[in-house]
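Asks: I have a structure here, written as structure tokens, and I will follow up with some questions on it.
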Amino acid sequence: MTSLGLEDKVVLVTGGNRGIGAAIVSLLQELGTQVAYTYRSSSEDQHGALAIQADVTDKAAMEAVAEKVEQKLGPIYGIVANAGITRDNFFPKLAIEDWDAVIDTNLKGVYNTLMPVIPKMYEREEGSVVCISSISGERGNLGQTNYAASKAAVIGLTKSLAREAARYGVRVNAVSPGFIETDMVKSVPDKVKERIVSEIPLRRFGKPEEVAWAIAFLLSPIASSYVTGEVLRVNGAHHT
């Protein structure tokens, strides 16, 4: 069986301590990857080769993360910009603080994560970046104008950076999950969950591991070597 070619590659995952992020870290470990991940406030079950407490909204902190990862593990081959938050409310009631918090984490946080590493990838002429968007960023969602705006912007960033980075042998793609079985979805009332599931052709929510496999595919220098600037949807045909 041909491997994905990720053995001993160094990959940095932001927000890797729970939910989809934890599934990404676990799968990449199984595939032989040297995984470093960031967590903002708590990481009860630390895994991966290197866990670093850092807030993606802090530019200096993310510069320090990149430096530490390369010192401890070696040159960073891959980045998974996964860290994200929600602060949901209908637009007329959306506080500016909640708008700023979501944009700062979900969009500026991607900038802060990529900026210390991308120039080094260019110099090495190798690298793969996967940004995590969302079905909300593609089709919108009630009460999520801030979240949807940030995730739509991540797609624009991905497509533009892919065009810039290609000449250096660096690929940039996005994964756009639908409704996935995480703590956020588990907190949704049962009646609402039933309605959502009825709209999904596969008639179920996705699993974090299914998103993680899509990310591993896009990171792979073998399986997706000619794929860049793409958005891979993992949503059970909820949005096509």
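Every number in this text was worked out from the coordinates using simple rules, so none of it is lab data. Treat the numbers as computed from the prediction; the structure is a model and nothing was measured. So basically every Cβ, Gly included, is an ideal-geometry build from the backbone, and we count neighbours across all protein chains shown.
Asks: Given springs between every Cα pair under 10 Å in a Gaussian network model of the chain, which of P92, P221, P177 has the largest fluctuation?
Replies: P92
Asks: Near the amide H of G127, under 5 Å away, which other amide H atoms are found, from residues 5 or more places off or on another chain, if H is placed in the peptide plane?
Replies: It is R171, by chain and number.
Asks: Okay, next question. For segment 10-233, taking Cα atoms only, what is the radius of gyration to one decimal and the Dmax to the nearest whole Å?
Replies: Cα only, segment 10-233: 16.8, 52 Å (Rg, Dmax).
Asks: Specify, per residue and in Å³, the volume enclosed by the convex hull of the alpha carbon atoms belonging to segment 104-240.
Replies: Values: hull volume 14.9 nm³, N = 137.
Roughly 109 Å³ of hull volume per residue.
Asks: Hey, with R₀ at 22 Å, roughly what FRET efficiency would D88 and K191 work out to, going by the Cβ-Cβ distance, to 0.05? Walk me through the intermediate numbers first.
Replies: Details: r = 18 Å, r/R0 = 0.80.
So the FRET efficiency works out to roughly 0.80.
Asks: Let me ask another. Arranged from highest to lowest average of other beta-carbon atoms within 10 Å per residue, in what order do the peptides 182-194, 223-235, 136-148, 25-37 appear? Numbers along the way, then the final one.
Replies: On the way: 182-194: 11.3, 223-235: 16.4, 136-148: 18.9, 25-37: 21.5.
Per-residue mean Cβ counts within 10 Å order the peptides as 25-37, 136-148, 223-235, 182-194.
Asks: While we're looking at this one, here's another question. Which of S133, S220 comes first, and how do the rest follow, when ranked by fewest Cβ neighbours within 10 Å? Numbers along the way, then the final one.
Replies: Numbers: S133 27, S220 20.
So the residues, fewest neighbours to most, are S220, S133.
Asks: Taking the chain as the reference, fit the longest principal axis to its C-alpha atoms, fit the long axis of helix 19-30 to the helix C-alpha atoms, and give the angle between the two in degrees, 0 to 90, nearest 10.
Replies: The angle comes out at about 30 degrees.
Asks: Any chance you could give the angle, 0 to 90 degrees and rounded to 10, that helix 208-219 forms with the longest Cα principal axis of the chain?
Replies: 40
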